[in-house]
Amino acid sequence: MDRCIVLVDAGYLLGAAASLLAGEPSRSRITVDHTALIQGLRERAEADTERPLLRIYWFDGAPDRVPQPEHRRLRVMPRVTVRLGALTRSDGRWAQKGVDAAMHAELTELARNRACSDVVLVTGDGDLLPGMMAAKEHGVAVHLWAVQAADGDYNQSEDLVAEADERRVLDRVWITKAVRAKELTGVCAPQPAPRPEIAAILSAPLPESALTATPEQATAAPHPAAAPRAQENGDRHAATKGVPTPKDLAALRAPGVHHPKEPANATLRWSSDKGWVDRPGTPAEPPEAAALPTLAQLTTAEQRWADREEDITTVGGDPFEVGQVFARRWMGRLPEQHNLQKLGAMYPRIPHRIDGELLRYAARFGLLAHKDDQIDEHDRYAIRAGFWREIDVRTAAEHAPAGE
């Protein structure tokens, strides 16, 4: 077949790009325009091989092989197939498992079935050498692409380089068309500022257990959900101490614990996990909360199909965005809009049934998969903040005077 196929080791491509642009191989140091990157790979492959593209295979690791937001965007792009290996943590470092084996199997299978005349490998791992040799024996021309190394030396296996039929280097100019280094500003770009009640909760002093965090935890960059309180209160310390967990907030209200600087309205109402009513100093869930319908009760089979299609094709998976999408669907399907007033009276607490449904929806995007199989509190805050922001936008629009 006179066509080309591209096999991309995402760990190599993006790690090398991060080293080149940000000085270290951490992918968290770069932002990637995946649409531009895929288009650039396609155009470059067709130009180099002088063959039309059949497909781009994107190999990457993910915790428990659960697709992350970037994988969800990639796998619905034309001519792109995503293959996921496991992402495991060992000795404080994340490592891919099964990615090289999957690339080797795909390469040899494509060559054996004569699915293409040319294959482009974007990788640096010498473990693919047997697969490269097998592909050549089946009459496939192998093109090896490298990312320009930050130190000017090879960032690929020399045996791999020697065995390739053709070699190309993706230089800084090409890389920066789709990849940018993040600016280290100390804080993330804030989401819209929360209501004063939430700001008071988030700015409340943490208990002693939270103040004994490790230096690494103390200096970690704050999550976007925590940034608005620093902007609103002008308190730089609040932005760096991290978002208090429900456990921290419960300790604030424990009997015998006195914090003279604690805001009067810093009550434990943000978390609506099961069992929260048993914590000291918190009121019981009001009866009207049970009367609010869940999204599942309001959704028809046709709407459920449309929701899944939207989730796959347009919802990126950012925690704040996920909360907004859920709230938008729930509000749009409410038969009686006075239910919004019921919900508003409970602010900032989300009724338990709806909150659980919201978090289960977020779990589809891999947002709740944590390295210790625990729910990430930062993501929980961002998901719920997105939910309330969408509720605020809707109710503000309904109560706006005519003509505005």
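Loop-located chymotrypsin sites (Phe, Trp or Tyr not before Pro) in the range 37-99 (DSSP state other than H, G, I, E, B) with a sparse environment of at most 14 neighbouring Cβ atoms within 10 Å are absent. Dividing the convex hull volume of the alpha carbon atoms of the range 4-181 by its residue count gives 112 Å³ per residue. Here the range 71-114 is described by how far its Cα atoms reach on the three principal axes: 42, 26, 8 Å, from widest to narrowest. Could you tell me which GluC sites (Glu not before Pro) in the range 1-73 are loop residues by DSSP with no more than 13 other beta carbons within 10 angstrom of their beta carbon? Filter output for the range 1-73: Glu50. Sorted on the mean count of surrounding Cβ atoms within 10 Å across their residues, most packed first, peptides 151-157, 316-322, 335-341 read 316-322, 151-157, 335-341. Taking a Cβ cut-off of under 9 Å around His138, the surrounding Lys, Arg, Asp and Glu residues balance to a net charge of +2, with basic ones at +1 and acidic ones at -1. Other residues whose C-beta falls under 9 angstrom from the C-beta of Met331 contribute a net charge of +3, scoring Lys and Arg +1 and Asp and Glu -1.
Rounded to whole Å, the principal axis extents of the Cα atoms in the range 1-93 read 46, 29, 19, largest first. Each Lys or Arg adds one and each Asp or Glu takes one away; over the other residues whose Cβ falls under 10 Å from the Cβ of Val147, this sums to 0.
No lab work stands behind these numbers, since they all come straight from the coordinates. Bear in mind that the values here come from a model prediction, so they are computed numbers and not experimental data. All Cβ positions, glycine included, derive from the backbone under ideal geometry; neighbour counts span all protein chains shown.
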